[in-house]
Every structure is written in structure tokens, then in C-alpha cells.
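To start, the structure itself, in C-alpha cells.
The values are calculated or read from the model by the stated rules, or taken from the named source; none is laboratory data. Being a predicted model, the structure only gives us computed values, none of them experimental. Note that each Cβ is placed from the backbone with ideal geometry, even for glycine, and that neighbours are counted across all protein chains shown.
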Amino acid sequence: MDEPGAPPRATPAEVPRTEPGSAPRATPAGGSEAERGRAILSLAILAFRWVTLAWMAVLALTAGPLRRPALAAAAILLLAGWTAWLTLARPAPSWPLLAADLALAVA
């Protein structure tokens, strides 16, 4: 029994479950672990985009003479702008956005 004036005890449903010998996991402020995982994955995809954009630019500059240098420069500038916008705006994924992203990746 609780003593008078003591704080109420947590019920079993309120106690976070942890494995024996492990530290309790704190839920990130403002979201669940799934939301935190999505945010980290989104950040990793943006980093991958910048690395592949840099790789594409390096290949265009070092591969020798290009058959269509203006087209290569336009493609690199277009993708640099798209990547910069995705990085700065961080839009929520939607079907039109994903379709545009896929179209640029295929082109």
C-alpha cells in the first residue's frame, strides 16, 4: 500500500520495458523511434545525393572530351539545383515529388 502523501506508483502499463542489464531507452523529444529513423534515413539519402552529384561532376571533368558538353553541364546544374532545393526545403514526400525525383534520376 502507498503511504499517505507519497507519489502514486506507476502501473505495469506505464513502466517502460527494458532488457535485463540494459539502460532504459528514452523516446526522442517530439517523436517516436520510427520518426527518428525516417529523419536519419532522409539525412543519409541527402548525403548520398551530394556525394553522387560530386562524383558525376568529377567524372564529367576528367573523363576526356564529351560528345555533348552543354548537355552534361545542363544536367549537372539541374541536378545540383534539385539537390540544393531538397536539402534546404526538406519537403514532405508526396507522389508528385517522388515522380519528379524518379524522372530526374532516370533522365
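How many residues does segment 69-107 contain that are in contact with a Leu (Cβ under 7 Å, 6 or more places away or on another chain) and acidic (Asp, Glu)?
0
Residues of segment 56-92 being among the aromatic types (Phe, Trp, Tyr) and under 14 Å from residue 105 (Cβ atoms), which ones?
Matches in segment 56-92: 82 only.
Identify, please: which residue in segment 53-102 is among the β-branched types (Val, Ile, Thr) and in contact with a Lys or Arg (Cβ under 9 Å, 6 or more places away or on another chain) and is, among those, nearest to residue 35 (Cα to Cα)?
Step by step, filter segment 53-102, then rank; the result is 87.
Condition first: in a helix (DSSP H, G or I), among the small types (Gly, Ala, Ser) and modelled with pLDDT under 95. Can you find one or more residues in segment 7-20 that meet it?
No.
Name the pairs whose Cβ atoms lie under 8 Å apart, with the first residue in segment 50-65 and surrounded by 10 or more Cβ atoms within 10 Å (Cβ to Cβ), the second hydroxyl-bearing (Ser, Thr, Tyr), and 6 or more positions between them or separate chains?
Close Cβ pairs satisfying both conditions: 50/83; 50/87; 53/83.
Which pairs do you get when a residue that is closer than 16 Å to residue 85 by Cβ, found in segment 36-47, comes within reach of a residue that is in a helix (DSSP H, G or I) and at pLDDT 90 or above, reach meaning Cβ atoms under 8 angstrom, with the pair 6+ apart or on two chains?
So the pair list comes out as 46/83; 46/86; 46/87.
Looking only at residues in segment 76-107 that are within 19 Å of residue 52 (Cα to Cα) and not in a helix (DSSP H, G or I), which one is modelled with the lowest pLDDT?
It comes out as 107.
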